[in-house]
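Every number in this text was worked out from the coordinates using simple rules, so none of it is lab data. Values in this document were obtained by computation on a predicted structure and should not be read as measured data. Cβ: placed from backbone, ideal geometry, glycine included. Neighbour counts: every protein chain shown.
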Amino acid sequence: MSTPQIIEKTSGPPLPFREFISLLALLIALTALSIDIMLPALPDIGRSFGVATDNDRQLVVTGYLVGLAFGQLIWGHLSDLLGRRIPLLVGLGVYVFGSFVALVAPSFLGLVVARACQGVGGAAGRTITTAIVRDTFSGRDMARTMSLVMMVFIIVPMLAPSVGQGLLHLGSWRWAFGLLLLVGIVASLWAGFRLPETWKPAREGAPPPLGILASLRAVVMNPVTRGYGLAAGLMFGCLVAYISSAQQVFVDSYGLGDLFPIAFGAIASSMAVAAFTNAMLVRRLGMRRLSHAALVVFIAASALMAALCVLGRPPLAVLMGLLALCFYLFSLMQSNFNSIAMQPVGHVAGMASSLLGAFVTAAGAVFGTIIGRSFDGTPLPLAVGFAMLGICAFLVVLRVEGPRGLFRGE
């Protein structure tokens, strides 16, 4: 017999819908902002601390992701025990502290440690936001809401590198951490004064939250949650690989220089278009049909990109077009994979969001770092990595759904 869900659906969001979407988007966007604003500054950070090799600069990104993965293991279960609000505000406080330490870091190791602290705090926003959406919506409404959140959130990676580049012209790379500190304070105040508690099992007449072992078992033993979590982790590796090596690909290989943020933002804009597409179509076509089709086309597009790289360095416009297509498809997949994985475990939404987020982030960090550190002066390692991770994700989905379960409209 399945465990009863605590909250299947409430009467609506706890704030005016636009403010609700905007606040949740900001909380999730802390992660994208914390990573993408750094990308133009990586060479300056490396020179400032005398980092030996260019690929070692990627530790500024990896350090944040390690903290993000670890933090998600903490905040999710706490939000099932204490509610969403208190852990969220504590996590934002940790993020603000990490931002301040990074701002004054005296060494590269100190900066990487501060980045990990930022990641631990930022994990609260990423994890608890998903649980808040799950408290408020279910099924296709949940997928639609997450798509709208992601559509607003994706504006950040479009603009963050340009903001980072502008800050470099005004001052040093430390200015970026000053901005992150300010944004963390704003997010803390907004959530503190405006966001009410959404986790109210007593009002719903639900049983008390499960213990940590029972919650773990409920999440890990569910084949849909386990399988789609793995698929999401594999695909997240593509994003990490791209973020880690994008500055080297566009600046070192193609010589874009200060135009790098424009290229990065143009490719990121495809994810905003995909989030809008998903929000419009997911109710009619279903999460599985959209995400499975996107995965198949992603594999084909990344394989084409790899083939062109083998034949010679592709023209910049062709590379950007294929990357934009890949991330359009990535966005269609990722929001739906996460929603499908969360759907059967609403009764432990905090723990499920925590474990899924930690695993997806950790898997993405591992796979993406391996691909990113394979950079050889060409886009080939990135393209091959995309294709291999896409194929692995398809095999996982096939294992979960079976041949007859692919492309079904659910």
In order over the range 352-361: 3J(HN,Hα) from phi, Karplus 6.51/-1.76/1.60, θ = phi - 60°, whole Hz, x for each Gly or Pro, gives 4, 4, 5, 5, 4, x, 5, 5, 4, 5
Counted neighbours (other Cβ, 10 Å), sorted fewest up, put I391, I74 in the order I391, I74
Net charge contributed by nearby residues that have their C-beta within less than 14 Å of S34 (K/R +1, D/E -1):
+1
Mean Cα-pair separation over length for the chain, i.e. relative contact order, pairs under 8 Å, 6 or more apart, %
27 percent
T198's amide H: which non-local residues (gap 5+, or another chain) put their own amide H closer than 5 Å, with H modeled 1.01 Å from N in plane and none for Pro or chain starts?
R84, R85
Anyone know which of A307, A263, A341 comes out most mobile in the 10 Å Cα GNM of the chain?
A307
Can you give the extra length, in nm with one decimal, that the chain gains between L316 and R399 once fully stretched, where that is 0.36 nm per residue apart less the Cα-Cα distance?
26.2 nm
Row for the chain, column shape: gyration tensor on C-alpha, a ≥ b ≥ c, rounded if a/c < 1.5 i.e. under 1.5, prolate if a/b over b/c, else oblate; value oblate
What FRET efficiency comes out for the pair D252/V297, r = Cβ-Cβ distance, R0 = 35 Å, nearest 0.05?
0.75
Based on other C-beta atoms within 10 Å, arrange H169, H292 from fewest to most.
H169, H292
Which chymotrypsin sites (Phe, Trp or Tyr not before Pro) in the range 263-331 sit in a loop by DSSP (not H, G, I, E or B) and have at most 13 other Cβ atoms within 10 Å of their own Cβ?
none
Using the Karplus curve 6.51 cos²θ - 1.76 cosθ + 1.60 with θ = phi - 60°, what ³J(HN,Hα) values do you get for each residue of the range 286-299, in whole Hz, with x for Gly and Pro?
x, 5, 5, 4, 5, 6, 5, 5, 4, 5, 5, 5, 4, 4
Tell me, D376, D36, D141 in order of fewest to most beta-carbon neighbours within 10 Å?
D376, D141, D36
Any idea which of L380, M38, A303 is furthest toward the positive side of the dipole for the chain, if Lys and Arg beta-carbons carry +1 and Asp and Glu beta-carbons -1?
A303
